[in-house]
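Data block below; observations after.
The values are calculated or read from the model by the stated rules, or taken from the named source; none is laboratory data. Since this is a predicted model, take the numbers as computed values, not measurements. Cβ placement follows ideal geometry from the backbone for every residue including glycine, while neighbour counts extend to all protein chains displayed. Accessible surface is based on the protein model in full, side chains and every heavy atom, while ligands, DNA and RNA are left aside. Shrake-Rupley method; radii C 1.70, N 1.55, O 1.52, S 1.80 Å.
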Amino acid sequence: MADRVTVIGWDGSPLTAAARSALAAATLVAGAAHHLALPEVPPGAERIRLGSVDLAARRIAGHRGTAVVLADGDPGFFGVVRTLRAPQHGLEVEVVPAVSSVATAFARAGMPWDDAQIVVAHRRTLRRAVNVCRAHTKVAVLTSPGAGPAELALLLEGVHRTFVICEELGTDREQVTVLTSDKAADHAWRDPNVVIVIGGSAGPAGPDGTGGGWIGGRDPGYPPAVRGWALPAEEYGDGRPGERPGQAPGQGLAQGLGEGESAGLRAAQLARLGPRTGDLVWDIGSGSGALAVEAARFGAAVIAVDADPDACGRTTAAARRFGVQLHVVHGRAPYILEDLPEPDVVRIGGGGVPVVSACADRRPERIVTHASTRDEAEAIGRALAEGGYAVECALLQSVELDTDAWSERDRSVVFLLSGVHERREASR
């Protein structure tokens with residue numbers, strides 16, 4: 001095993017005294033080609049091109065001497081330190097950090113980044129990285145070959161964003177390009193690069209872009225600072241389309257909530273969907289937008305679909321009020337679903353068996369819907385089962401009471417159906 005392993009971050013700046021000292025004593029140096037070309041690398045040291053970090057770690061573990069690993073940016077931030085310290089390699093390392101490539105990218109753009117989401121895009125995680133870009137207004141994407149700016153742009157089709165693409169940071173070939181996402185797929189980009197993806201409505205700093213947050217990334221309490229989920233109907237009535245003259249804001253909406261949007265049913269649906277950051281949720285028959293907004297508040301990307309233009313307007317207004325990013329699509333299911341990107345979980349607010357079958361054909365991990373009658377529930381259950389889903393059905397009854405008179409104000413009875421795709425769930 002190597003007597004000593006030092007990991008040195010490099011951001012294009014002159015190496016520190018500690019880094020130069022470690023390199024001078026090295027008998028093995030691992031890094032990319034531009035790292036190995038640094039004049040401080042001892043000419044007699046064994047050199048390893050850093051392609052597979054696992055392979056390099058095995059070589060280092062078997063080396064008798066002093067090893068140095070050079071890496072771009074801060075090697076402890078989505079870098080090589082995690083792999084080198086993995087139990088199978090048994091390496092203890094010392095780290096000489098540098099400015100991370102994400103910090104450098106935001107510095108080049110002249111933007112704060114305490115409110116940014118940060119994701120790593122590989123071929124296997126690219127779709128989830130894109131879903132974070134759909135759901136959040138400021139995202140830094142650490143790319144890789146085959147999962148770069150062009151691939152990001154292609155999967156973001158239909159969602160307008162601005163890309164700040166920072167190529168080969170810290171080198172003589174460094175270049176920063178700002179363009180809209182629809183133009184990024186037309187270029188060939190040099191590795192390594194960082195893409196800052198920005199756009200959408202106001203984020204956690206506030207609607208005027210001022211002020212600071214208290215937590216890195218998106219503040220889950222902004223805006224507005226509403227605690228809880230499966231919120232009552234009046235939370236979604238903020239003077240939006242569908243209210244009649246003379247009604248107080250929210251009154252028309254509250255009266256217009258269907259049985260598929262009651263707070264109790266929404267809570268049960270969200271619990272079974274489990275939307276989370278990196279997911280893409282389809283909300284088919286979005287109605288008021290209540291469930292779509294609440295799925296987005298969990299950090300998921302959401303596409304809300306409705307055949308009623310007024311419902312699309314209400315959903316858009318609800319998203320604006322709660323400060324979340326939704327892609328609202330006007331169209332009738334199942335036909336409109338053909339061109340939508342692949343979902344992770346789906347909530348169906350209406351459309352019956354044809355829509356359930358169309359969604360099952362896309363193989364999301366979970367599908368949740370409801371039915372008013374047992375016959376309808378049985379038909380939907382059969383469609384889910386035929387699509388390869390394990391089906392659960394529950395009869396939900398909720399009674400809202402007027403606590404002044406303790407009398408019944410409203411009653412709701414509905415069948416809740418959920419399906420879990422056995423192969424997709426097992427592969428997670």
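Some points to look at:
- Residue list for the range 261-295, restricted to those being open to solvent by less than 10 Å² (accessible area, probe 1.4 Å) and of a type in the set (A, V, I, L, M): LEU265, LEU270, LEU273, LEU280, VAL281, ILE284, ALA290, LEU291, ALA292, VAL293, ALA295
- Looking across the range 183-201 at every residue that is closer than 29 Å to ALA318 by Cα and touching a helix residue (DSSP H, G or I) at 6+ places or on another chain (Cβ under 7 Å), the one that is surrounded by the most Cβ atoms within 10 Å (Cβ to Cβ) is identified as VAL197.
- Subset of the range 394-418 (residues that are of a type in the set (A, V, I, L, M, F, W, C) and under 16 Å from GLY264 (Cβ atoms)): ALA394, LEU395, LEU396, VAL399, LEU401, VAL413, VAL414, PHE415, LEU416, LEU417
- Failed criterion for ALA18 (all others in (1) on the phi < 0 side of the Ramachandran plot; (2) outside any helix (DSSP H, G or I) hold): (2)
- Among the candidates ARG423, ARG382, the residue that is open to solvent by 20 Å² or more (accessible area, probe 1.4 Å) and at pLDDT 95 or above is uniquely ARG382.
- Subset of the range 167-213 that is within 21 Å of LEU142 (Cβ to Cβ) and of a type in the set (Asp, Glu) - its residue that is modelled with the lowest pLDDT: ASP191
- VAL328 being of a type in the set (A, V, I, L, M) and under 20 Å from TRP229 (Cα atoms): no
- Positions within the range 1-15 being in a loop (DSSP other than H, G, I, E, B) and either open to solvent by 70 Å² or more (accessible area, probe 1.4 Å) or among the hydrophobic types (A, V, I, L, M, F, W, C) (or both), in sequence order: MET1, ALA2, ASP3, PRO14, LEU15
- Filtered residue count, the range 121-161, keeping only those that are surrounded by fewer than 17 Cβ atoms within 10 Å (Cβ to Cβ) and among the β-branched types (Val, Ile, Thr): 1
- Where SER357 falls short, out of the listed (1) surrounded by 20 or more Cβ atoms within 10 Å (Cβ to Cβ); (2) more than 15 Å from the chain's Cα centre (by Cα): (1)
Quick grid of which residues meet (1) closer than 22 Å to ALA18 by Cβ; (2) surrounded by fewer than 18 Cβ atoms within 10 Å (Cβ to Cβ):
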position: ALA33; (1), (2): no, yes
position: LEU36; (1), (2): yes, yes
position: PRO42; (1), (2): yes, yes
position: ARG49; (1), (2): no, yes
position: SER52; (1), (2): no, yes
position: ALA56; (1), (2): yes, no
position: ARG59; (1), (2): no, yes
position: THR66; (1), (2): yes, no
position: PRO75; (1), (2): yes, no
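- Segments classed as strands (runs of 3 or more DSSP E), wholly inside the range 32-127, with at least 1 members that are closer than 30 Å to GLY199 by Cβ: 66-72, 117-120
- Taking the criterion of being out of contact with any Phe, Trp or Tyr (no Cβ under 6 Å at 6 or more places or on another chain), under 19 Å from ILE165 (Cα atoms) and in contact (Cβ under 8 Å) with a residue 60 or more places away in the chain, the residues of the range 86-111 that qualify are VAL99, SER101, VAL102, THR104, ALA105, ARG108, ALA109, MET111.
- Taking residues in the range 178-189 that are more than 9 Å from ALA150 (Cα to Cα) and part of a strand (DSSP E or B), and partners anywhere that are open to solvent by less than 100 Å² (accessible area, probe 1.4 Å) and aliphatic (A, V, I, L, M), the pairs with Cβ atoms closer than 7 Å and at least 6 places apart or on different chains are VAL178/VAL164.
Conditions tested, residue by residue: (1) polar (S, T, N, Q); (2) without any contact (Cβ under 8 Å) to a residue 12 or more places away in the chain.
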{"residue": "ALA360", "(1), (2)": "no, no"}
{"residue": "GLY387", "(1), (2)": "no, no"}
{"residue": "LEU395", "(1), (2)": "no, no"}
{"residue": "ARG409", "(1), (2)": "no, yes"}
{"residue": "VAL414", "(1), (2)": "no, no"}
{"residue": "SER418", "(1), (2)": "yes, no"}
{"residue": "HIS421", "(1), (2)": "no, no"}
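- The single condition among (1) touching a strand residue (DSSP E or B) at 6+ places or on another chain (Cβ under 9 Å); (2) surrounded by fewer than 18 Cβ atoms within 10 Å (Cβ to Cβ) that THR83 does not satisfy is (1).
- Taken over the range 384-400, the criterion of being more than 30 Å from ASP410 (Cβ to Cβ) and among the small types (Gly, Ala, Ser) is satisfied by ALA385, GLY387, GLY388, ALA390.
- Put simply, of ALA2, ALA26 the only residue that is in contact with a strand residue (DSSP E or B) (Cβ under 8 Å, 6 or more places away or on another chain), closer than 19 Å to ALA61 by Cα and at pLDDT 95 or above is ALA26.
- Flag for SER418 being more than 27 Å from the chain's Cα centre (by Cα) and either surrounded by 14 or more Cβ atoms within 10 Å (Cβ to Cβ) or in a strand (DSSP E or B) (or both): no
- Condition check for VAL141: among the hydrophobic types (A, V, I, L, M, F, W, C) and either modelled with pLDDT of 95 or more or under 20 Å from PHE78 (Cα atoms) (or both): yes
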